[in-house]
1. When the residues of region 111-124 are filtered to those that are touching a residue at least 12 places away in the same chain (Cβ under 8 Å) and not in a helix (DSSP H, G or I), which remaining residue is farthest from residue 152 (Cα to Cα)?
2. Could you tell me whether region 230-251 includes any residue that is within 19 Å of residue 127 (Cβ to Cβ), buried (at least 24 other Cβ atoms within 10 Å of the Cβ), at pLDDT 95 or above and in contact with a His (Cβ under 8 Å, 6 or more places away or on another chain)?
3. Can you confirm whether region 133-148 contains a residue that is under 25 Å from residue 243 (Cβ atoms), of a type in the set (D, E, K, R), out of contact with any Leu (no Cβ under 7 Å at 6 or more places or on another chain) and at pLDDT 90 or above?
4. Examine region 22-31 for a residue that is within 22 Å of residue 152 (Cβ to Cβ) and touching a residue at least 24 places away in the same chain (Cβ under 8 Å), and state whether such a residue exists.
5. Are any residues in region 43-60 within 22 Å of the chain's Cα centre (by Cα), surrounded by fewer than 17 Cβ atoms within 10 Å (Cβ to Cβ) and not charged (D, E, K, R), and if so, which ones?
6. Any idea how many residues of region 86-122 are over 25 Å from the mean Cα position of the chain (by Cα) and either surrounded by 12 or more Cβ atoms within 10 Å (Cβ to Cβ) or among the β-branched types (Val, Ile, Thr) (or both)?
7. Scan (1) surrounded by fewer than 20 Cβ atoms within 10 Å (Cβ to Cβ); (2) small (Gly, Ala, Ser); (3) modelled with pLDDT of 90 or more for the single condition residue 159 breaks and write down its number.
8. Does residue 256 satisfy being at pLDDT 95 or above and not in a helix (DSSP H, G or I)?
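The values are calculated or read from the model by the stated rules, or taken from the named source; none is laboratory data. Given the structure is predicted, the values throughout are model-derived calculations rather than measurements. Glycine gets a Cβ as well: all are built from the backbone with ideal geometry, and neighbour counts include every protein chain shown.
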Amino acid sequence: MSFNRKNRLASTIGIAGVIVLTVFFILEPSFPTPDKLLIFLIFLFMIFNQTVDLVKHLLPFTAVILVYESFRGIADNLNTHVNYTLAPNADKFLLDNLPTKYLQDWLWTGHTQWYDIALYIPYLLFFIMPFALAILIWKTREVFYWRAVTMYGLVFFAAFLTFLLFPAAPPWLAAQEQIIEPVTRISSYVWSSLGIQDFPSVYNAISPNAVAAIPSLHAAASTLFAILIFKLYGRKWGALAVVYPLLIYFGTVYEGEHYVFDLMVGAAYAVIAYLITPRLIAWSKSIWLKLRNSNNTKSAVKSD
């Protein structure tokens, strides 16, 4: 089979795969997890005969996220001492009130409004946005690609260690346990308005650990997204990218998923990962060069 025929066959398979998966996701809506996204992207990039490059770049990134997800799902089983008070006390100290309660008193009507759904959509883009950014950087600023992936990896695993060492309840769970004043978990109403009644199963797919509130990984990932856009694409695009974390901050607090304190810690994790990654990579390269030179020296001595 000629090279051109192979390319045409790959493109045809890619188009068919994209169509089938798109129809499937429309008929059977589900949360866009990393493995599903990778499979979809493989078919998409087959159309342009770039599947091998895609796998080389995105498979390690996907593996990092999947390993994190598997670890996060067991963290709450390894440490059952859940903290319910640090974050709400911090919010009250900093803001004299619980922002979740204030926002719900202002905006929540008891029934799902258009803005409830609009504010929840950025929350659902948790995996899609890092994947989209990774592909954008690969295609336009490839020299920075692995540094960006390392930053996300640091954020994810630093968050996991925090979840393991310090399980913390979100506002909806603290209210459910009567630790704070009543607040509504608006996301459950959003899912019901979309025709999904088995909300616990959906939530377990989105967040298998209910006590992983500190840090807010949604805040961390979205903040890092905006930082990288600023760094790599300038102020104009960076200013536009800031809208994404701002929607995450407002939406997660309003809908009862996070305290402001959770967001502050998450944003701090993103900034720290951004700052230390270049030093970490430089240190790793230095260690690798020393080991290689040491091995070369030993080989030279043996040959003499």
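1. Going through region 111-124, the residues touching a residue at least 12 places away in the same chain (Cβ under 8 Å) turn out to be 111-112, 116-117, 119-120, 122-124.
From what is left, the residues that are not in a helix (DSSP H, G or I) are 111-112.
On the way: 111: 36, 112: 33 Å.
That would be 111.
2. Taking every residue of region 230-251 in turn, at least one turns out to be within 19 Å of residue 127 (Cβ to Cβ), buried (at least 24 other Cβ atoms within 10 Å of the Cβ), at pLDDT 95 or above and in contact with a His (Cβ under 8 Å, 6 or more places away or on another chain).
3. The answer is yes; a qualifying residue exists.
4. Taking region 22-31 first, the residues within 22 Å of residue 152 (Cβ to Cβ) are 31.
Okay, now just the ones that are also touching a residue at least 24 places away in the same chain (Cβ under 8 Å), so 31.
Looking through region 22-31, at least one residue is within 22 Å of residue 152 (Cβ to Cβ) and touching a residue at least 24 places away in the same chain (Cβ under 8 Å).
5. 55, 59, 60, listed by residue number.
6. Here is the first cut: in region 86-122, the residues over 25 Å from the mean Cα position of the chain (by Cα) are 89, 92-98, 101-102, 104-113.
Right, trim to either surrounded by 12 or more Cβ atoms within 10 Å (Cβ to Cβ) or among the β-branched types (Val, Ile, Thr) (or both) and you get 89, 92, 94-95, 98, 101-102, 104, 107-109, 112-113.
Residues in region 86-122 being over 25 Å from the mean Cα position of the chain (by Cα) and either surrounded by 12 or more Cβ atoms within 10 Å (Cβ to Cβ) or among the β-branched types (Val, Ile, Thr) (or both): 13 in total.
7. Of (1) surrounded by fewer than 20 Cβ atoms within 10 Å (Cβ to Cβ); (2) small (Gly, Ala, Ser); (3) modelled with pLDDT of 90 or more, only one is false for residue 159: (1).
8. Numbers: at pLDDT 95 or above: yes; not in a helix (DSSP H, G or I): yes.
Considered against the rule, which asks whether it is at pLDDT 95 or above and not in a helix (DSSP H, G or I), residue 256 comes out as yes.
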